[in-house]
Amino acid sequence: MASVSFRIGGDLEVRRLGFGAMRLPTEPAAARADAVAVARRAVELGVTLIDTAHLYGGGANEELLAEALHPYPEDLLVTTKVGVARSGPGDEWRLDGRPEVLRDQVDHALRRLRVERLELLQLHRIDPETPLADQIGTLRELRDEGKIGRIGLSEVTVAELDQAREIVEIASVQNRYSLLDREHEPVLAACEAAGIAFLPWRPVAWGEAGANAEINAVAADLDATPTQVALAWLLAHSPVICPIPGTARLAHLEENVAAADVTLT
C-alpha cells in the first residue's frame, strides 16, 4: 500500500494528497464565504499540504487562505509561488524572475499569509529573460535570511532542475502531470532518484478521465469515481508524488480526499 505521507526536504512531513487553492474564488462575498468553507473543510479532512501562488489574484488567494485558516494548525503547510508579475505591457502578467521582484513578492506573501517564514516557496516559472543563477541565487539568499525554509521549482526540465540543484537544495518540483498526461515522466524520475517531492498540478485530466473506458472500468470495479482512480494511480505510481487537486466545491473536495483510501491492484 502506498505511503500516506512524505517528508518534503527530508524533514517536513505532509499527507501526500494535498489541495490546490487556485480555484477558490476570492469575490464576491457569497463565493468567498464558500471558498473559506472549502479551505477549512480540507483541513478537517486531514489535508496538510495546501498550494497557492502570488499569481492567483495577485495575492488575493493567499489572503483568503489566511482568513480561513490562520492561526494555522501545527502540521499544516501552506506553500506559495512567486515569479509571475504584472510587469508586462499594459500591466499584463508575465514571467518575472528579477531578484527585486522575487524579494518583493516573498515579503508580500509573508504579510498576506501572516507568517514569519514560508516553509516551502516555489518559483512559479523560470524567467527566460533573467539568468537562472540570479533567480535561484535570490531564493537561496532569502532562505539564508530566514524568510524561506525550503525552495521548490515549477514547470522545469531535468536539465533546469540539475542546474538549480548546483546552486541550492531543491525540495520540490511542481509540473503538470496525470495518469493521462505523462510528458514530464523524466522529471518525475529525477525527483524520485533525488528524494524530491513531485507536486503534479492538473493531476486529473478533467473530462478525459471520466470518458476513458479503462478508467471507468476500474472505477466501477472498485466502486470509486474516475477522478478517485486517477488520483489513486498517482499515489501508487511513485512515493514522491504529492497530488494537489483543486476545487471550489465541498462535494468534489470530499471525493478527492477519499481517493487516498482507494487501493489499486
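The values are calculated or read from the model by the stated rules, or taken from the named source; none is laboratory data. What you see is a predicted model; the values in this text were computed from it and never measured. Heads up, the Cβs are rebuilt from the backbone with ideal geometry, glycines too, and the neighbour counts pull from every protein chain shown. When the accessible area is computed, the model is the full protein with side chains, heavy atoms only, and any ligands, DNA or RNA have been set aside. Shrake-Rupley method; radii C 1.70, N 1.55, O 1.52, S 1.80 Å.
Filter the stretch 228-247 down to the residues that are among the small types (G, A, S) and either open to solvent by less than 40 Å² (accessible area, probe 1.4 Å) or touching a helix residue (DSSP H, G or I) at 6+ places or on another chain (Cβ under 6 Å) (or both) and list them by number. Spell out how you get there, then give the answer.
Keep residues of the stretch 228-247 that are among the small types (G, A, S), which gives 230, 232, 236, 238, 246.
Of everything in the stretch 228-247, those that are among the small types (G, A, S) and either open to solvent by less than 40 Å² (accessible area, probe 1.4 Å) or touching a helix residue (DSSP H, G or I) at 6+ places or on another chain (Cβ under 6 Å) (or both) turn out to be A230, A232, S238, G246.
Can you tell which of A53, A31, A68 is more than 19 Å from L199 (Cα to Cα) and open to solvent by less than 20 Å² (accessible area, probe 1.4 Å)?
Values: A53 fails: more than 19 Å from L199 (Cα to Cα); A31 fails: open to solvent by less than 20 Å² (accessible area, probe 1.4 Å).
When all the criteria are applied, what remains is A68.
Just checking, does the stretch 73-90 include any residue being surrounded by fewer than 18 Cβ atoms within 10 Å (Cβ to Cβ), charged (D, E, K, R) and either at pLDDT below 95 or assigned to a strand (DSSP E or B) (or both)?
yes
Quickly run through the stretch 174-227 and pick out the residues that are polar (S, T, N, Q), touching a Phe, Trp or Tyr at 6+ places or on another chain (Cβ under 7 Å) and open to solvent by 40 Å² or more (accessible area, probe 1.4 Å).
none
Of (1) under 16 Å from the mean Cα position of the chain (by Cα); (2) within 14 Å of R143 (Cα to Cα); (3) buried (at least 20 other Cβ atoms within 10 Å of the Cβ); (4) not β-branched (V, I, T), L102 satisfies all except one. Which?
Here L102 meets the rest and fails (1).
Give the residue that is most open to solvent (accessible area, probe 1.4 Å), with candidates limited to residues of the stretch 1-28 that are part of a loop (DSSP other than H, G, I, E, B), free of Cβ contacts under 8 Å to residues at least 40 places away in the same chain and out of contact with any Lys or Arg (no Cβ under 7 Å at 6 or more places or on another chain).
Taking the stretch 1-28 and keeping what is part of a loop (DSSP other than H, G, I, E, B), we get 1-4, 9-11, 16-18, 21-28.
Remaining after also requiring free of Cβ contacts under 8 Å to residues at least 40 places away in the same chain: 11, 26-28.
Still in the list and also out of contact with any Lys or Arg (no Cβ under 7 Å at 6 or more places or on another chain): 11, 27-28.
Numbers: D11: 90, E27: 143, P28: 92 Å².
The residue in question is E27.
In the set V47, V101, V82, V115, which member is hydrophobic (A, V, I, L, M, F, W, C) and under 25 Å from A251 (Cβ atoms)?
Working: V101 fails: under 25 Å from A251 (Cβ atoms); V82 fails: under 25 Å from A251 (Cβ atoms); V115 fails: under 25 Å from A251 (Cβ atoms).
Matching residue, one of V47, V101, V82, V115: V47.
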